[in-house]
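J.: The structure under discussion is supplied below as structure tokens; questions concerning it will follow.
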Amino acid sequence: MDRLPLFISGFTGVTGRLGGTAVQILQDRLEILSLELREAKIRFVQALILACMGVVFSLLGLLLLVLAGLYFLAPEWRLCGLAVAAAAGMLAGAAVFLMLRRRLEQKPLAFDQSLAELKKDMACFSTKN
């Protein structure tokens, strides 16, 4: 009869330690998730700024196209000047969009570390000892 309370107290101690470990693992995973969310937010804002810069430079190229044709050039050189101004603006816009594309392609997926840690946890808990 004396063994039953000892068994129950040992069982509750193991359960408590297991629960504490599970809570610590969950807390660690949530911290990693919050860090990755913050990084994803920063990357999104950077991408948005680069996209806006690309649009601005593209519009600047169109504006230069009109201004160069109306103000600076003699009538016989207007067509060539318009083409050069438009090409310069479009090249600047294309360069910014290429930078944006490169930045988006080289970054890892959002929550990549969290997924890797969860896979490790699943592998650890799924093995039969």
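J.: Looking at the range 42-59 only, could you name the residues that are surrounded by 15 or more Cβ atoms within 10 Å (Cβ to Cβ) and among the aromatic types (Phe, Trp, Tyr)?
T.: Phe57
J.: List the pairs whose first member sits in the range 47-74 and is at pLDDT below 85, whose second member is basic (Lys, Arg) and surrounded by 14 or more Cβ atoms within 10 Å (Cβ to Cβ), and whose Cβ atoms are under 7 Å apart, counting only residues at least 6 apart or on separate chains?
T.: Gly69/Arg78
J.: Just a yes or no: is a residue in the range 33-50 over 30 Å from the mean Cα position of the chain (by Cα) and part of a helix (DSSP H, G or I)? Please lay out each step first, then the result.
T.: Of the range 33-50, the ones over 30 Å from the mean Cα position of the chain (by Cα) are none.
No, every residue in the range 33-50 fails to be over 30 Å from the mean Cα position of the chain (by Cα) and part of a helix (DSSP H, G or I).
J.: So, one more: Please pick out the residue among Val55, Val84 that is among the hydrophobic types (A, V, I, L, M, F, W, C) and under 28 Å from the mean Cα position of the chain (by Cα).
T.: Values: Val84 fails: under 28 Å from the mean Cα position of the chain (by Cα).
Step by step, each of Val55, Val84 is checked, and only Val55 is among the hydrophobic types (A, V, I, L, M, F, W, C) and under 28 Å from the mean Cα position of the chain (by Cα).
The values are calculated or read from the model by the stated rules, or taken from the named source; none is laboratory data. Source: prediction; values computed, not measured. No Cβ is skipped: glycine too gets one built from the backbone with ideal geometry, and neighbour counts run over all protein chains shown.
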